[in-house]
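Scroll down for the structure; my scribbles are underneath it.
The values are calculated or read from the model by the stated rules, or taken from the named source; none is laboratory data. Keep in mind the model is a prediction, meaning the values are calculated, not measured. Cβ: placed from backbone, ideal geometry, glycine included. Neighbour counts: every protein chain shown.
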Amino acid sequence: MKLSKIVCGSVLSFVFLVGLSWILYDGYRPWSQFLSALGVGRWGFLFNLAVVQFGVSLVLFYGSQIDSGDFCKSYVMSFGLLTGLMLVVIGFFPAVDDWVGDVHNVFAIFYFLFLVPLHLLLAGCLDELLLRVLSVSVSVCSFIGLFVPGVNQFVFQKLIVLLELLFYFLWCRK
């Protein structure tokens, strides 16, 4: 099985597990809480499992292609590998109120920060216009969510995740 198909299945699994944890989380407020809140509590393992398995699929996908020799591809693969590793750490360290939550928060910030160059580089390497547009959208939304004061970061986080999942699902379908 091609690794891209594993990423595709991982996207579907992520959507299912996060959706299930969202339904089971009593009192989750998407407009005023980050997705990471779903990783705490009785059903938190569903969210954390979703994040870890998606991260592992990205690590396997990008890691298998990192030594291609192509300049564009090597930088894309390096940033892709880093974002996958960060997702794994985010999933293993839930957003609780101690040092574990601090680790989670630091890696979450770096994850969204690394999405900016990853998706700008990806956009430059892709042929399909829709994938380029989605990739640039992830990059721009990540930048806005991180650096523009006054935006609702809770909403932007979900928009970024949705765009990135859509990007990977469309990219891996080939």
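From Asp102, Asp26, grab the single residue that is outside any helix (DSSP H, G or I) and of a type in the set (Asp, Glu). Full working, then the answer.
On the way: Asp102 fails: outside any helix (DSSP H, G or I).
Result of the check over Asp102, Asp26: Asp26.
Name the residue, out of Val11, Val7, that is modelled with pLDDT of 95 or more and surrounded by 14 or more Cβ atoms within 10 Å (Cβ to Cβ). Spell out how you get there, then give the answer.
On the way: Val7 fails: modelled with pLDDT of 95 or more.
Only one candidate qualifies: Val11.
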Practice problem: Specify the residue that is surrounded by the most Cβ atoms within 10 Å (Cβ to Cβ); the eligible residues are those in the stretch 97-135 that are free of Cβ contacts under 8 Å to residues at least 24 places away in the same chain and of a type in the set (Val, Ile, Thr). | Solution: Val103
Quiz item: So which of Val56, Val76 is within 21 Å of Ala123 (Cβ to Cβ) and assigned to a helix (DSSP H, G or I)?
Solution: Val76
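Looking for whichever is buried (at least 19 other Cβ atoms within 10 Å of the Cβ) and not in a helix (DSSP H, G or I) here; the options are Pro94, Pro149. Which one fits?
Numbers: Pro149 fails: buried (at least 19 other Cβ atoms within 10 Å of the Cβ).
After applying the criteria, what remains is Pro94.
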Quiz item: If we keep just the residues of the stretch 152-161 that are within 12 Å of Phe112 (Cα to Cα) and of a type in the set (Val, Ile, Thr), which is surrounded by the fewest Cβ atoms within 10 Å (Cβ to Cβ)?
Solution: Val161
Practice problem: Say whether the condition of being over 11 Å from the mean Cα position of the chain (by Cα), surrounded by 20 or more Cβ atoms within 10 Å (Cβ to Cβ) and among the β-branched types (Val, Ile, Thr) is met by at least one residue in the stretch 75-88. | Solution: yes
Self-check item: Residue in the stretch 20-40 that is modelled with pLDDT of 90 or more, within 16 Å of Trp171 (Cα to Cα) and under 18 Å from the mean Cα position of the chain (by Cα) present
Solution: no
Quiz item: Out of the stretch 130-171, which residues are touching a Phe, Trp or Tyr at 6+ places or on another chain (Cβ under 8 Å) and within 15 Å of Val11 (Cα to Cα)?
Solution: Ile160, Leu165
Quiz item: Taking the stretch 77-123, which residues are of a type in the set (S, T, N, Q) and closer than 27 Å to Val133 by Cα?
Solution: Ser78, Thr83
